[in-house]
Amino acid sequence: MYFYTMRGEVKAVDDVSFDVNKGDSVGLAGESGCGKTSAALSILKLLPWNGKIYGGSINFEGEEILKMPPNKFNKDIRWKKISVVFQGAMNALHPNKSIGSQIAEPILAHESISKEEARKRAERLLDLVGIGGSKFDRYPHELSGGMKQRSMISMALACNPTLVIADEPTTALDVIIEAQVMKVMKELQQKLNLSLILISHDLSMIADSCNKVAIMYAGKIAEYGESARIYKEPLHPYTQKLIGAFPSILGAKRELESIPGFPPDLLNPPPGCRFHPRCVYAMDICRRKEPEVIEADGSNHIVACHLVGK
Amino acid sequence: MVARNLKKYYTLKMGFVKTLMAKAVPFVHAVEDLNLIIGKDEVFGLVGESGCGKTTTGRLLLRLVEPTEGKIVFNGTDITAMSSDELRKMRRKMQIIFQDPYESLNPRMSIFDIVSEPVRIQKVASTEAEVHQRVTEVLKDLELVPPEEYIYRFPHELSGGQRQRIAIARAFILKPEFMVADEPLSMLDASIRSEVARLLLSIVKKFHCSFLYITHDIALARYMCDRIAVMYLGQIVEQGVTEDIIQKPQHPYTEALLAAVPVPDPTARRTEVVIKGEVPSAVNPPAGCRFHTRCPYAWERCKKEEPKLLPTEDNRIVACHKYVYGHGK
């Protein structure tokens, strides 16, 4: 998926593949500009006007989303089967409507049920996220940041989706509130057997909440697999450095890793491996040829690096 | 840098009629009776969640915000009641770095102008050549080399990490003795963060600065700070050597904070500390211990009596009845 700009095409998402199985919680990790949000918005066909999907396939429950007519997608898929919790979603709440009515809104839009039924369901959702159905008539300004974010989660769950995409759901929340909100999300995920795609730059949070993780860099997937595997034995040099850049309160105090330079301009990405200008192990081939995505040691651990698999 | 019994109350603005009708004007108890000593060459962390008063404390120490009560003593001089002229001279030695590298640099000024501004305002250089030299020197300290490549650029041409280095350069060009940094790394990408952290620590060491590092990220504070103080609702609840506090927190709030922080290891076993609810209002802080409404160990005494900050055997101070009286007496 590329963005068309006046200066050319920004190759935001290039040949990205990953699977989300039912009940999975997949983390899409990377730094700003790596393409994670663009990849997720592509799934929901919520790209800005200058974003265009040039190829590839998005297969959801056996159906090819990219070939689906927009009407069908809007009615049956978006918000009904796949929903989103956006970044800074708490700022997206309508200030003049009660939170309950905002949760009921998508229910009424997608299903033909009575207002009373919708209200009951919204109240139950508020109970589910720990805010309590009694707060249905409260307005957003009466709620704290954590409660607003949890209301957004209720909204995302309103039509009983099978997949929820959460884009940086806990930025701007304090640590303790973040822990509360993530706990709620994990419980809900188990209770409702939801699949979750969690987008974040925070590798610590992803380690805590996701059983699989995809590390993205400059529009491509560098590494992908089970979290336990990736964090214990990262194969891609970028993954290794990135994990090392996050301080931990557990274990011995250690030096933090850093990566010199900065992410490439996606108008003209570097030839060969997009990470080579910043990679300590860069070899000649890295500058010339893009590494293929291969499966390392045959266990669903995917990596794109010339160092691996030779 | 020493702060004694610092208090900062902000009055709440209310409508005209309410002001007439209210018996007392409500205050936001932003900082309550705070005592701090930061030594030379020391990196001291102020850790807490939003609204705990850490940013206000940082600004109080520099008198960017006037204290309601209390004393601030810097290098043996009481600066609490200093005139603005004298304070300006003091400010050569006291500086601040802000969180947002996109907001703290004037977009219309060149890098050279931004970094040299403090030198000009404080009139500490006699010739243009000297100004130029000071700018290039501090840019080299922050590894923005060659300096000539940066001085004529504008902020929008630089990345977040580079901009923050410029903000640091501007803060250190006067070789200050006391520095406050308010979340200087939180808006930077992870891979850049540690690079800037390293440079920050090295320049602090180079100038033997006393450094107050304000953050909500206790994991980062572990990496940056020699000692930390944990704040909650305007008060310090625990203070001591960073590593001691991280390994063995004494205050229930510190415990909760450490239990809530995620770590980059999916297989880590964590104890779950259940803290319910949200931070109460600073306008009407709870009576007794301010944390009692959310504390899993709270008992009768906690609701009535404010715990004092008392020293412990392992060289720290804690304000908690549980520490003094044990559990549930």
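From a point 7 Å beyond the Cα of B:L64 in the direction of its Cβ, which residues of the stretch B:155-170 have a backbone N at a distance under 14 Å? What the label zone holds, given the 14 Å backbone N cut-off, is B:167-168, B:170. Each label was represented as a point 7 Å from its Cα along the Cα-to-Cβ direction; for B:E305 and B:D85 these points are 5.2 nm apart.
Couplings 3J(HN,Hα) for the stretch B:261-266, derived from phi with the Karplus relation 6.51 cos²θ - 1.76 cosθ + 1.60 (θ = phi - 60°), are 6, x, 10, x, 8, x Hz, where x marks Gly and Pro. Each residue of the stretch A:155-210 gets 78 Å³ once the volume of the Cα convex hull is shared out per residue. Remark: the stretch B:39-49, residue by residue, has Karplus-estimated 3J(HN,Hα) of x, 5, 6, 10, 9, 10, x, 10, 10, x, 8 Hz, where x stands for each Gly or Pro and the curve is 6.51 cos²θ - 1.76 cosθ + 1.60 at θ = phi - 60°.
Suppose we keep just the DSSP beta bridges with both residues in the stretch A:156-310; what percent of those would be antiparallel, to 5? Bridges in the stretch A:156-310 that DSSP calls antiparallel: roughly 70 percent. Considering all different alpha carbon pairs of the stretch A:227-300, the Kirkwood hydrodynamic radius works out to 14.3 Å.
Counting other Cβ atoms within 10 Å of each Cβ, which GluC sites (Glu not before Pro) in the stretch B:115-201 have at most 11 and sit in a DSSP loop? Don't skip to the end; give the middle numbers.
Working: sites: B:E128, B:E130, B:E137, B:E143, B:E148, B:E149, B:E157, B:E177, B:E195; in loops: B:E143, B:E177.
Passing both the DSSP loop test and the Cβ count: no residue.
According to the Kirkwood expression over distinct Cα-Cα pairs, how big is the hydrodynamic radius of the stretch B:22-87, in Å?
13.7 Å
Charged side chains reduced to their Cβ positions (Lys and Arg at +1, Asp and Glu at -1) give chain B a dipole of some 940 debye around its Cα centre. 3J(HN,Hα) along the stretch A:124-136: 5, 5, 5, 5, 4, 8, x, 8, x, x, 5, 8, 3 Hz, from the Karplus curve 6.51 cos²θ - 1.76 cosθ + 1.60 with θ = phi - 60°, whole Hz, x for Gly and Pro.
Among A:L46, B:L199, which comes first, then next, by fewest other beta-carbon atoms within 10 Å? Write down the numbers at each step before the final one.
Values: A:L46 13, B:L199 20.
With the fewest neighbours first, A:L46, B:L199 line up as A:L46, B:L199.
Which of the chymotrypsin sites (Phe, Trp or Tyr not before Pro) found in the stretch B:149-181 are in a DSSP loop and have at most 16 neighbouring Cβ atoms, other than their own, within 10 Å?
Numbers: sites: B:Y150, B:Y152, B:F172, B:F178; in loops: B:Y152.
Of the chymotrypsin sites (Phe, Trp or Tyr not before Pro), the ones in loops of the stretch B:149-181 whose Cβ has at most 16 other Cβ atoms within 10 Å are B:Y152.
Here the stretch B:194-231 and the stretch A:31-95 have alpha carbon centers that stand 40 Å from each other.
Please report A:H276, A:H301 as a ranked list, fewest other C-beta atoms within 10 angstrom at the top and most at the bottom. Write down the numbers at each step before the final one.
Values: A:H276 22, A:H301 19.
If I rank by nearby Cβ atoms, fewest first, I get A:H301, A:H276.
For the stretch A:117-199, the percent of C-alpha pairs falling in each 10 Å distance bin, counted from 0 to the bin holding the largest distance, reads 18, 54, 27, 1. Only alpha carbons enter this Debye calculation for the stretch B:76-172, each as an equal point scatterer, and the log10 of I(q)/I(0) it gives at q = 0.10, 0.12, 0.20 Å⁻¹ is -0.29, -0.41, -0.98.
Let me confirm one metric for peptide A:199-209, namely the mean number of other chain beta-carbon atoms within 10 Å of its residues' beta-carbons. Don't skip to the end; give the middle numbers.
Values: counts 0, 0, 2, 3, 5, 9, 4, 3, 7, 8, 2.
If you average over the peptide's residues, the count of other-chain Cβ atoms is 4.
Rounded, prolate or oblate: which fits the protein assembly as shown when a ≥ b ≥ c are the square roots of the eigenvalues of the alpha-carbon gyration tensor, with rounded for a/c under 1.5 and prolate only if a/b beats b/c? Display every interim value, and only then the final one.
Working: a/c = 1.72, a/b = 1.18, b/c = 1.46.
Oblate is the answer for the protein assembly as shown, as a/c is 1.5 or above yet b/c matches or exceeds a/b.
The mean of 1/r over all distinct Cα pairs in the stretch B:121-177, once inverted, gives the Kirkwood hydrodynamic radius of 11.9 Å.
Scaling the Cα radius of gyration of chain B by the globular reference 2.2 N^0.38 Å produces a ratio of 1.08. Less than 5 angstrom separates the built amide H of B:E305 from those of B:C289, all sequence-distant by 5 or more or on a different chain. The calculated pair-distance distribution of the stretch A:156-259 uses every alpha carbon pair, bins of 10 angstrom beginning at 0, and gives 13, 43, 34, 10, 1 percent. For A:G27, the residues whose amide H sits under 5 Å from its own are A:L198, A:K212, A:V213, A:A214, ignoring neighbours fewer than 5 places away on the same chain, with H placed 1.01 Å from N.
Here the ratio of the Cα radius of gyration of the stretch B:145-256 to 2.2 N^0.38 Å is 1.22. Between B:C209 and B:D41, the built amide H atoms are under 5 Å apart, and every one of these is 5 or more places off in sequence or on another chain. From most to least packed by mean Cβ count within 10 Å, the peptides A:250-262, B:259-271 give B:259-271, A:250-262. Considering only alpha-carbon pairs that sit under 8 angstrom and 6 or more positions apart, the relative contact order computed for the stretch A:113-169 is 31 percent.
Quick one: grab the alpha carbon gyration tensor of the stretch B:254-324, order the square roots of its eigenvalues as a ≥ b ≥ c, and give me rounded if a/c is under 1.5, else prolate or oblate depending on whether a/b is larger than b/c. It comes out oblate by the Cα gyration axes. With contributions of -39500 (n - 2.57) from each DSSP H run of at least four residues, the per-residue ellipticity at 222 nm computed over the protein assembly as shown stands at -9000 deg cm²/dmol.
Could you work out Rg/(2.2 N^0.38 Å) for the stretch B:179-234, with Rg from alpha carbons only? Don't jump to the answer; show the numbers that get you there.
Values: Rg = 11.4 Å, N = 56, 2.2 N^0.38 = 10.2 Å.
The reported ratio for this selection is 1.13.
With neighbour counts taken as other beta-carbon atoms within 10 Å, the residues A:S195, A:S299 rank, fewest first, as A:S299, A:S195. Checking the a/c ratio against 1.5 first, then a/b against b/c, what shape does the Cα gyration tensor give for the stretch A:11-77? Verdict is oblate for the stretch A:11-77. When the alpha-carbon atoms of the stretch B:179-329 are used, the pair Rg, Dmax equals 17.0, 50 angstrom. Centre-to-centre, using Cα atoms only, the stretch B:51-80 and the stretch B:82-112 are separated by 16 Å.
Using Cβ point charges alone (K and R +1, D and E -1), the dipole size of the stretch B:2-139 about the Cα centre works out to roughly 500 debye.
Shielding value for A:177-186 is 3, the average number of Cβ atoms from other chains within 10 Å of each residue's Cβ. Given contacts defined as C-alpha pairs under 8 Å and at least six residues apart, what's the relative contact order of chain B, whole-number percent? Over chain B, the number comes to 21 percent. For chain A, what is the percent of antiparallel DSSP beta bridges, rounded to the nearest 5? Around 50 percent of the beta bridges assigned by DSSP in chain A are antiparallel ones.
When chain B is treated as a GNM with alpha-carbon contacts under 10 Å, the residue of B:S104, B:S83, B:S186 showing the greatest mean-square fluctuation is B:S83. The stretch A:118-155 and the stretch B:27-44 have Cα centres spaced 38 Å apart. Diagonalising the gyration tensor over the Cα atoms of the stretch A:1-143 and scaling each eigenvalue by 5 before taking the square root yields semi-axes of 32, 18, 15 Å, largest first. Which of the pairs A:K80/A:K186; A:K67/A:K191; A:K191/A:K220; B:K248/B:K276; B:K40/B:K89 have their Cα atoms more than 26 Å apart in this structure? Pairs exceeding the cut-off: A:K67/A:K191; A:K191/A:K220.
Measuring nothing but how far apart in sequence close Cα pairs (under 8 Å, 6+ apart) lie, relative to its length, chain A scores a relative contact order of 22 percent.
When you filter the trypsin sites (Lys or Arg not before Pro) in the stretch B:117-223 for DSSP loop state and at most 11 other Cβ atoms inside 10 Å of their Cβ, you are left with B:K123.
Peptide B:215-225 shows a mean partner chain C-beta count of 3 within 10 Å per residue C-beta. According to the calculation over all Cα-Cα pairs in chain A, the P(r) per 10 Å bin from zero is 6, 25, 32, 23, 11, 3, 0 %.
Every number in this text was worked out from the coordinates using simple rules, so none of it is lab data. Quantities reported herein were computed from a predicted structural model and do not represent experimental measurements. We place every Cβ from the backbone using ideal geometry, glycine too, and count neighbours over all the protein chains shown.
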